[in-house]
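Report on one structure; see the data block that follows.
Here, each number is a calculation from the coordinates, and none is a lab measurement. Fair warning: this is a prediction, and the values are worked out from it, not measured in the lab. No Cβ is skipped: glycine too gets one built from the backbone with ideal geometry, and neighbour counts run over all protein chains shown.
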Amino acid sequence: MSYDVGIIGAGYVGLPLSTTFAEAGCRVLLVDVVEPIVAALNRGESHIADVESERLAPLVDQGLIRATTDYEELKDVEAILIALPTPLSRQREPDLSIVEAAARRIAKVLHAGQVVVLESTTWPGTTREVLLPILEEGSGLKVGTDIHLAMSPERVDPGREDWTTKTTPKVLGGITPECTKHAADIYRRAIDTIVEVSTPEAAELTKLLENIFRSVNIALVNELAQLCDRMSIDVWEVVDAAATKPFGFMPFSPGPGLGGHCIPIDPFYLTWKAREFGFYTEFIELAGKVNEEMPYFCRSLVSQALNHAKQKAMKGAKILVLGVAYKPDIADMRESPAVELMALLMGKGALVEYCDPHVPVFPKMRKYRFEMQSVPLSAQTLPQYDLVLLATDHEAFDYELIRRHARLIVDTRGAYREPASNVVRA
């Protein structure tokens, strides 16, 4: 059986990408190493919120999507798209081991005429310096002559509905112009707009610039929030007022820190690579430092609020954290600052519980081992807590109910713009 596209990785990038191609009439083979996920996908059951099972199941039933753990089946696909994680090591250096391992397995089944595209976010030079030699050495084929290799970084924003995988422009750069052409032809079958750049390095750096732009500007407003706290100025009022300027300003919101896979991690891929050229990306590293300190600043706000409003110490205080996902209205908890903040509060002796309608049971995580479930919000339960901490501003929360019945609220997201006696804003 032949397929138009094989996608390695059935996660936040790979599964939306597969459904987008399938909905365009392409036959898609999804490859993942987690057998329960593969089995569920073949039953039409999705584990990714952005792809509902109701959308996936018909595509599976029609034979447009099939999942497997067997890399051997990739020999029957026209193009192979790699959508795998690129985390940081404990020393905050790029860890490409997952991508490299997949590339070695791909190389064993490659044949002439196939297209390979890296979607994973990484440092400029990865496609040429890491992927190319692995594929050539493992397959005996020549990139640009026998096979075509390109880089097209993913631009997924979980939970977003106005821009989808299909409608978000796709940046793409190949090792050779012929590689670019062949890869672009594949994506044009399913994606509305393809933006061709001259090299894979340009494509790789494009994605990093997008995330660094957000990281630096969020750090700027987070630093301003800390200054405003000392100056007794409402940072939210300032940001709202600045946003009325119709040119030359783009508003960013302060918060308890950065979350998600991209913005807290990807900029450090560039800082690492820049050192090879004797260059130090000071803006990027400073932004990372500011954003990483925000959970500590928010912990300080909680401590001050308890002391000033309740004459109560952090140790033994009952605190309810609202929202543990990294951003509103999703269940994605990757690098969530809310979780780091919970750990910091517990470290000071606070008795912490959480409420998140999208995360009913706290999952097992590599860094945190919290055994707890989401608690309900009601007029009866809210007064039981010394303090309610708004960490993620889900639309599902009844903010008026919370304001009326919580004894004390620390708002890190600017949900409460009107002054209230029981609300402290970051």
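In loop segments of segment 262-366 as defined by DSSP, the trypsin sites (Lys or Arg not before Pro) with at most 11 further C-beta atoms inside 10 Å of their C-beta are Lys315, Lys364, Arg366.
For segment 180-255, which trypsin sites (Lys or Arg not before Pro) pass both filters: DSSP loop (anything but H, G, I, E, B) and at most 15 other C-beta atoms within 10 Å?
Working: sites: Lys181, Arg188, Arg189, Lys207, Arg214, Arg230; in loops: Arg188, Arg189.
Passing sites in segment 180-255 are Arg188, Arg189.
The eigenvalues of the Cα gyration tensor, multiplied by 5 and square-rooted, give the chain an equivalent ellipsoid with semi-axes of 43, 24, 19 Å from largest to smallest. Percent antiparallel among DSSP beta bridges with both residues in the chain, to the nearest 5? Just about 10 percent of them are antiparallel. Mind checking which of Ser374, Ser89, Ser18 has the largest fluctuation in a GNM of the chain, springs on alpha carbons under 10 Å? In this elastic network of the chain, the residue with the biggest mean-square fluctuation among Ser374, Ser89, Ser18 is Ser89. Between helix 97-107 and the chain, what is the angle of the helix's C-alpha long axis to the longest principal axis, kept within 0 to 90° and rounded to the nearest 10? Tilt relative to the chain: about 20 degrees. Counting other Cβ atoms within 10 Å of each Cβ, which GluC sites (Glu not before Pro) in segment 253-347 have at most 15 and sit in a DSSP loop? In loop regions of segment 253-347 (DSSP not H, G, I, E or B), the sparsely surrounded GluC sites (Glu not before Pro) are Glu276.
Springs join every pair of Cα atoms under 10 Å in this Gaussian network model of the chain, and among Val375, Val115, Val410 the largest mean-square fluctuation is at Val375.
Principal-axis analysis of the Cα atoms of the chain puts helix 177-187 at an angle of about 60° to the longest axis.
Have a look at Gln91, Gln384, Gln226 and tell me which one the Gaussian network model of the chain (Cα, springs below 10 Å) gives the largest fluctuation. Evaluated over the chain, the most mobile residue of the options is Gln91. Quick one: grab the alpha carbon gyration tensor of segment 77-191, order the square roots of its eigenvalues as a ≥ b ≥ c, and give me rounded if a/c is under 1.5, else prolate or oblate depending on whether a/b is larger than b/c. Since a/c reaches 1.5 but b/c is at least a/b, the shape of segment 77-191 is classed as oblate. In the chain, the sites counted are chymotrypsin sites (Phe, Trp or Tyr not before Pro) in DSSP loop states with at most 14 other Cβ atoms within 10 Å, and the longest stretch holding none of them, exclusive of the sites, is 1-162. Tell me the angle of helix 282-310 to the major Cα principal axis of the chain, expressed in degrees between 0 and 90 and rounded to the nearest ten. Long axis of 282-310 versus the principal axis of the chain: about 30 degrees.
By the scheme Lys and Arg +1, Asp and Glu -1, what is the net charge of all other residues having a beta-carbon under 10 Å from that of Ala79?
-2
Rounded, prolate or oblate: which fits segment 1-84, taking a ≥ b ≥ c as square roots of the Cα gyration tensor eigenvalues, rounded meaning a/c under 1.5, else prolate when a/b beats b/c? Rounded is the answer for segment 1-84, as its axis ratio a/c remains below 1.5.
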